[in-house]
Every structure is written in C-alpha cells, then in structure tokens.
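Asks: Could you have a look at this structure, given as structure tokens, before my questions?
What follows draws every value from the coordinates through simple rules; no lab data is involved. All of these numbers come straight from a predicted model, not from anything done at the bench. Heads up, the Cβs are rebuilt from the backbone with ideal geometry, glycines too, and the neighbour counts pull from every protein chain shown.
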Amino acid sequence: MLDKLEQLPADPILGLAAVCRADPNPQKVDLTVGIYMDEQGVCPVFDAVQHAQRALVAEETSKAYMPPAGDEAFNQGIQRLVLGSDSPALRDGRVSSVQTPGGCGALRIGAEIINAATTGARVWVSDPTWPVHIPLLGSVGLKFETYRYYEPAGHGVDFDGMVADLKAAAAGDVVLLHGCCHNPCGADLSLQQWGVIADMAERQGFTPFIDIAYQGLGDGLDQDAAGLRLLVSRLPEVIIAASCSKNMGLYRERAGAAIFVCRDGENARALVSQGLVAARRVYSMPPAHGALLAGRILSDEVLGELWRIELVAMCERINGLRN
C-alpha cells in the first residue's frame, strides 16, 4: 500500500530553510521562517517566559492531560489580551474560547466550526494572503473567493478594490481578515477602514474571521487589536484565531486559541461544545507547556509587565533595523 505513494516536493519555505541549515557558509542569513532573531542570530527566550518556566517546573506535580478546552488561565488571559479587559462582550458573557496548538490549530478549529454551521460557506481571503490559509481552511471542504487587498504602487491597501469585491459577500459567508501586520504584504487597514468593513458586515450579514498572529508587533498591543475590537463592539458574531508564537516567542510550544464572540452566553457555551468535538477529531487534547507559560504571564502583574517591556524592545529593534 505505502509503496504506491510518491515523494512530494518540499514546502517552498521549509524546504529552503532546510537547505540553509545544511549550507556551511558562515555568512549565511536565514530569512525563511518568520521568527525573531537577535544580533547573534539566535531566537531568544523572553526573560518573562524563563521566569514563568522556572516557577512552573518547580510547582508542576503531574503530566496528565489538559482539560479538553485547555488551561482556563490561558483562555481567560488571551481573551483579555485580544478583546481588552474592559470589553463589553466579555462583560456580557458572549465570549468563549478553546485552547489550540498554535494559531494554525485555531484556524483549523474555526474552519471546522464554520463548516458545521454553514454547509458550503464561502471564505473570502485577501489577495495576497498567508499561503497556508487556503490549504488549512480548505482541508475541511470550505470554498474560497478572493478580494483585492494590496496596491503595490502605493505600498498600501487597495481599499476601494477591497470594498468593491466584498460587496459580493453574502449572508453566511466568512471574510478572513488579518488583525494586524498583514502577512505577507505588511499593509494594514486604518481604524476608519475597519469601520467600513463593520458597516458592510452589518448590512450584508457576513461573519469576520480574524487571524491575529502578530498582536504587539505592529503599533502596540492595544493599537494592533483596535480594528478587531471595533468589529466585536458592533457585530453579533466574530471568530478569532489568536497566537502567542510571535509576541511571546513561544513558537514551538504551540500556544493558540480559537475565540468565538457570540450573540449571547447560551450560544457562547454551545460554541465551546462544538469546538471540543472538533478538537477531539483533529488533535484530541491541547498541549500544556506553552499555554501554562502564557497563562501565567497574562495573569501575573509582574511577569506581564516584564513581558510588555521586552515586547516593546523587540519591536523597537525590528523597526530600527528596517529604518
């Protein structure tokens, strides 16, 4: 049976990274996978993460499975981080979340939920978008449309083209949006433009699905989530894929969350049950270590402040190198 399978070509990015690792040239620079490197070419561990890790190792008494929905401190912390601690949706109990293996896991669980809710739903993705979006979401059978996004001549958003294309998005469709730091083009919507998208969603009935993988790496933690929060404040339903891979440097620890903003608390509880069934099908139980670290940082005032200081310093270095 297995001998009938042919060798497939390597992933364009991961394959190139493997070639780079094998290259003996000491002057090589690896610009393939999107991870932060310091001056020595090392992907560093945040001090806040190291403090949290030492405390976790000292206190941990078991390696039993996590609860199916994940670590509660992490789920609550990531909701506050993304939506804001003063979010009316949180206050009203309209939000639920499921801890996932990174942002990719959150995208997949979101796709499973969309497919369960609306058979044959169309997902509108930006042109360009992160190359993994389409195969990842399409793996559950979702269909895709594209909307114009990047305007190369002006190095910005082709907002007129985006709006014109999204006028065809119907009730029951899903529009995938990058919360900040658009991958791959880097051009983000202004808050006013987010407001226009909210107007369209209200009028046409489509559901936003926001991938926020880089919160804090653009203009700041709150600024980067401002557009997302505007949509949440105005719309009855929003799906969010969040990740701590970039902003906490927890890449291989796979700490992510699928967050559902629902019409009411009853619907929010229903979404957790749907998410758990989907997770059981896909990966069964979430990984523990990264979420426990992130949950500790997000719930501890001292560690949280240390992490924010480190994140700002990292962003300043990135922007300094670019300029």
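Asks: Where does the range 72-307 land on Rg(C-alpha)/(2.2 N^0.38 Å)?
Replies: 0.94
Asks: Between GLN192 and MET285, what length comes free when the chain is fully extended (0.36 nm per residue of separation minus the Cα-Cα distance, one decimal in nm)?
Replies: The span from GLN192 to MET285 would gain 29.5 nm if fully extended.
Asks: I've got another one for you. Would you mind calculating the relative contact order of the chain from Cα pairs under 8 angstrom and at least 6 residues apart, reporting the percent as a whole number?
Replies: For the chain, the relative contact order is 26 percent.
Asks: Semi-axes, largest first, in whole Å: what does sqrt of 5 times each Cα gyration tensor eigenvalue give for the range 1-98?
Replies: 37, 23, 19
Asks: Helix by helix, which DSSP H runs in the chain go 30 Å or more along their axis at the Cα atoms and have an average Kyte-Doolittle hydropathy of 0.0 or more?
Replies: Details: long enough: 301-322 (32 Å, 0.28).
TM-like helix candidates: 301-322.
Asks: Nearest 0.05, what FRET efficiency do GLU151 and VAL29 give at R0 = 51 Å with Cβ-Cβ as r?
Replies: In this case the efficiency is close to 0.95.
Asks: Sticking with this structure for a sec: Which value, to two decimals, describes the C-alpha radius of gyration of the range 76-144 once divided by 2.2 N^0.38 Å?
Replies: On the way: Rg = 14.1 Å, N = 69, 2.2 N^0.38 = 11.0 Å.
Dividing the Cα Rg of the range 76-144 by 2.2 N^0.38 Å gives 1.28.
Asks: For the chain, what is the mean residue ellipticity at 222 nm derived from helices alone (per DSSP H run of n ≥ 4: -39500 (n - 2.57); sum divided by total residues; nearest 500 deg cm²/dmol)?
Replies: Numbers: 13 runs with 148 residues, N = 323.
One gets -14000 deg cm²/dmol as the mean residue ellipticity at 222 nm.
Asks: Under 14 Å from the Cα of LYS63, which aspartates and glutamates turn up, not counting those fewer than eight places away in the same chain?
Replies: Once the sequence-local aspartates and glutamates are set aside, what remains near LYS63 is ASP71.
Asks: Springs between alpha-carbon pairs under 10 angstrom, Gaussian network model over the chain: which of PRO26, PRO286, PRO236 fluctuates most?
Replies: PRO26
Asks: Considering the chain as a Gaussian network with a 10 Å cut-off on Cα pairs, which listed residue, THR32, THR207, THR129, attains the greatest mean-square fluctuation?
Replies: THR32
Asks: Given the options PRO131, PRO88, PRO12, which has the most mean-square fluctuation in a GNM of the chain, springs set between C-alpha atoms less than 10 angstrom apart?
Replies: PRO12
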